[in-house]
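Asks: Below: one structure in structure tokens.
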Amino acid sequence: MTIRRALGLCWLLLTSISLWANEFVVVIDPGHGGKDAGAVGSKAKEKDINLGVALQLGDLIKKNMKDVKVVYTRSTDVFIPLQERADIANRASGDLFISIHTNSVDLKSRNRSTAAGASVYTLGFKKSEENLAVAMRENSVIKLEEDYTTTYQGFDPSSAESYIIFEMSQNMHMEQSIQAAMAVQNELISSAGRKDRGVRQANFWVLFKTAMPSMLIELDFISNPQSEKYLASSAGQKSLAKAIFNGVKAYKTSTERQGATSATVAQRSSTTAPLQDKKEAPSKRTSPSQSSTTASSSPTPKGAVVYKIQFLTAKGIINQGDSRLKGLAPVEYYVEGKIYKYTFGAYASTAEAQKALPKIRKKFADAFIIKTVDGQRVK
């Protein structure tokens, strides 16, 4: 037996054991609490809504996912500092961190009483005034802590300049965080009937400091009287918790499938020649132009993981040269349900894709990296 084959089989064995032995830990973080009420509606308080949904979510996971451990950053109406919330998650060696919040609009805003919908945030570097405003509001709880400038190393949540520290950091869990966020967002729309405000990226301290895939959910707007009534009701909180649970379950299933796929690829690679150190060729499903996304004409080995940059969704086929592509070419697409999702590039590693991502984001600010196997997206 060759050393390469032996190492491959050992890795497969260790992976298989870890899939069974390791407990999947979900850390649920009900935002605000205690002296920090969060956003306030005409009657309800954000801290109470967040806690109600969080506790129901935890109960659903405990009852229906026996191999999952639930850890709360708080389970009562108490104040927990942002850094401590992240510390709790890290000490628990969490596999997924979910921070639950309720959105609001400034008192002076014209759309304060009409803004509606759910959004799920991951840590990211998109420079958007709206996303920055949300991050500033959620991070402002820091100022309720004594000597916060020491704890947070001079970070000022109300100063735009302070947010440069996030841009200097590379989040190794970004891809998984986006996958989890998309799964939850889809359920909030389809199951809980919330208006779709999309998966977004912003710089939240609590996501910045958690060493695991993480998301921050904005359930809906407490400043909207109709949404507030729903958010404060037991039926509304039950529906929201169920939607998040569905998303968590879908994400966990996908990660387990990815683990099995990786093990299969490792086993196959122990008996075949190593992959060439070059960009992968595109999948069979290409854009209408039938153009290749890379200069390489080498076929992609069956079962190999290929990373691509997803930048646009549409309800139909977009021809090469269409203005909606903003000059980006060549591109590919894949279909989920009735939605066509467009991608650029084909890379052998996330590191290669990360190098290309900033260029794509100049045209499409919400572009992100996806993983594919045999032309199909692996979530």
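Asks: Could you give the length gained by full extension between ASP322 and ASP59, i.e. 0.36 nm per residue of separation minus their alpha carbon distance, to one decimal place?
Replies: Gain on extension, ASP322 to ASP59, equals 89.8 nm.
Asks: While we're looking at this one, here's another question. I'd like to compare 229-238, 319-328, 216-225: which one has the highest average count of other Cβ atoms within 10 Å, and what's the full order after that?
Replies: 216-225, 229-238, 319-328
Asks: Probe 1.4 Å, all protein chains in place: accessible area of ASP366 in Å², nearest 10?
Replies: 90
Asks: If the label point is 7 Å along Cα→Cβ of SER191, which residues in segment 39-67 have backbone nitrogen under 15 Å from it?
Replies: 53-66
Asks: Quick one: which of 85-96, 67-78 comes out on top by average Cβ neighbours within 10 Å, and what's the full order, highest first?
Replies: 85-96, 67-78
Asks: How far is it, in nm, from the label point at LYS143 to the one at ALA314 when both lie 7 Å from their Cα along the line to the Cβ?
Replies: Distance between the two pseudo-spin positions: 4.5 nm.
Asks: Starting from the Cα of LYS63, draw a straight line to each of the aspartates and glutamates and keep only those under 15 Å, dropping any in the same chain fewer than 8 residues away.
Replies: The reachable aspartates and glutamates, counting only those whose Cα sits under 15 Å from LYS63, number zero.
Asks: So, one more: At a 10 angstrom cut-off on C-beta neighbours, averaged per residue, how do the peptides 104-115, 28-39 rank from highest to lowest?
Replies: 28-39, 104-115
Asks: At a 1.4 Å probe radius, which order do THR210, THR253 fall into by accessible area, largest first?
Replies: My answer, sorted largest first, is THR253, THR210.
Asks: If the limit is 18 Å between Cα atoms, which of LYS315/LYS371; LYS47/LYS252; LYS326/LYS362; LYS35/LYS108; LYS62/LYS238; LYS47/LYS69 go over it?
Replies: Among LYS315/LYS371; LYS47/LYS252; LYS326/LYS362; LYS35/LYS108; LYS62/LYS238; LYS47/LYS69, the Cα-Cα distance tops 18 Å for LYS315/LYS371; LYS47/LYS252; LYS35/LYS108; LYS47/LYS69.
Asks: Is segment 311-379 best put as rounded, prolate or oblate by its Cα gyration tensor, with a ≥ b ≥ c the root eigenvalues, rounded for a/c under 1.5, and otherwise prolate when a/b is larger than b/c, oblate when not?
Replies: Oblate, since a/c reaches 1.5 and b/c is not below a/b.
The values are calculated or read from the model by the stated rules, or taken from the named source; none is laboratory data. Computed from a prediction, not measured in an experiment: that's the story for all the values here. Cβ sites come from the backbone with ideal geometry, for glycine too, and all protein chains shown count toward neighbours. Keep in mind that these areas ignore ligands, DNA and RNA; they rest on the heavy atoms of the full protein, side chains included. Shrake-Rupley method; radii C 1.70, N 1.55, O 1.52, S 1.80 Å.
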